[in-house]
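The values are calculated or read from the model by the stated rules, or taken from the named source; none is laboratory data. Worth saying up front: this structure is predicted, and the values here are computed from it rather than measured. Cβ sites come from the backbone with ideal geometry, for glycine too, and all protein chains shown count toward neighbours. Accessible surface is based on the protein model in full, side chains and every heavy atom, while ligands, DNA and RNA are left aside. Shrake-Rupley method; radii C 1.70, N 1.55, O 1.52, S 1.80 Å.
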Amino acid sequence: MVVLTATACSAGGEETLLPAEQTTTYDVPGSPAGNVKPAATRSPEASVLFDWVPFADEPSRTSAALPEGAEPVSNTITGPDGAAITTRGYVFEHAAGVIGFEVIDGFATPDDVEKLAELLADSVGGAVLAAEEVDAGRARGVDGEIAYGNDQLMLFRILVLNGEGDVWNGFVGGPETDRERLDSEFARLTVSASLRGSADWMGVRDEPTGIVVQLPSGVEPEDLSVDGMPQRGYHHSSGVGFVVVDYPPDDYPLDAVLADIATASGADVDGTRPAEAQGYEALDGVLVDQDEWVWAYRAVALEEQLLLLYAVDRAVALAESQAAVERMTESLVVP
C-alpha cells in the first residue's frame, strides 16, 4: 500500500503526519467564451492574513500560490513497484492550520484516486467525509473532506496528471469551526494551481488544412464558422486551444483579428506586440474580461489561413499561459 504524506498542524499545535493532498469542490466559474476553469471556486475573499506568492515545482512544471513563508518538504514513500519514491512538497504551517501542495512522480493511475483518498485519511487517523470525482481539465481526480484529530477538517484534491502516473495533491487543514476560512484558502490554492505543463501533450490535426498543433490531449473540432469565414476550433478543457480560420490574412489585419476576438468575448485588449511563429508573421495580445479572466493570444498570418493560438486563466497565471502559447507555437506544423 502507498500513502501520500505531508506535515500538518493540529489545533493544539502538535504536528501530525498527513498525506499531502487536500481540497474541496464548489461551483465552477466560467468565462463568457465558455472557457471554464477546473472545478474550483472563486470563493469569498477570506482572511487576508497572508501574502500569497507562487511556488513552483520545477521538475513537474507545476506551481500554485501559497502564503509567503511556505517551505519545501520531502518524504520517502513506497511506490507501486516497491521502489522508494521521494515526494516534493511545499507547506505553510501556522497556528490555525496548514496549507500546501505536493507532487509525487510515477505514483498512481486515474483508477487509484478514490483509494488514495482513503489512504490519505488512514494516514492521519481520520475518515473521509465526502469525495467526488472532479474534472480538473487536464487530469482526473477527486475532491473531498477528511475529519481528523480534535475537530479538525481537511479539504483535499488528488489529481493524476498524466500517463506517467504523476500525482498532484493540494491541501488545506484547520479547525472545522473555521470552515469559511478553509473554503477561501482552498479556493485560492486551487484557482492558482498551474498544472498544464505536466500533461501528456499530443499533436492535434486540423484535417482540412493538415495544420498540427500540440494540446494537452486530443480534442474534437468544433465548427465556429460565420458567414463567409469557415473556422474550426480545438479547445482543451485546461483552457488552451487553437482556431483555424479559412480567410486570407491579407484581407484581415492581425490587430483587427484580436480586436474582434475581444469584442466577441466581452474583453479588452490589454496590449499587443509583434511576434513570429515558425517564420510566419504573428501578433501577441493579452485580453482581459470583466470577470478577470485573462487570455494570452497569438494571431498568426499563414499563407491562406489565420491561426489563433490561445491560453486562458487568471491573471496570476499569465506567464504560464504565455508559455503554453509558446509551446504550441514551437509544435506548429504547417504543410
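Structure notes:
- Screening the candidates Ala323, Ala296 for the property of being in contact (Cβ under 8 Å) with a residue 40 or more places away in the chain and either closer than 26 Å to Leu195 by Cβ or not assigned by the TED database to the domain that holds Gly210 (or both) yields one hit, Ala323.
- Residue count for segment 109-120, restricted to those that are in contact with a strand residue (DSSP E or B) (Cβ under 8 Å, 6 or more places away or on another chain) and surrounded by fewer than 23 Cβ atoms within 10 Å (Cβ to Cβ): 5.
- Near pairs, Cβ below 7 angstrom, 6+ apart or cross-chain, from segment 98-121 (over 22 Å from Gly174 (Cβ atoms)) to any residue that is open to solvent by 40 Å² or more (accessible area, probe 1.4 Å): Val103/Arg88; Gly106/Glu164; Pro110/Arg140; Val113/Arg140; Glu114/Ala131
- Put simply, of Asp250, Asp291, Asp268 the only residue that is modelled with pLDDT under 95, surrounded by fewer than 17 Cβ atoms within 10 Å (Cβ to Cβ) and either in contact with a strand residue (DSSP E or B) (Cβ under 6 Å, 6 or more places away or on another chain) or in a strand (DSSP E or B) (or both) is Asp268.
- Meets criteria (on the phi < 0 side of the Ramachandran plot, in contact with a helix residue (DSSP H, G or I) (Cβ under 8 Å, 6 or more places away or on another chain) and in a helix (DSSP H, G or I)) for Gly197: yes
- Just one residue in the set Glu281, Glu207 is surrounded by 14 or more Cβ atoms within 10 Å (Cβ to Cβ), over 27 Å from the mean Cα position of the chain (by Cα) and either of a type outside the set (Val, Ile, Thr) or modelled with pLDDT of 90 or more (or both); that residue is Glu281.
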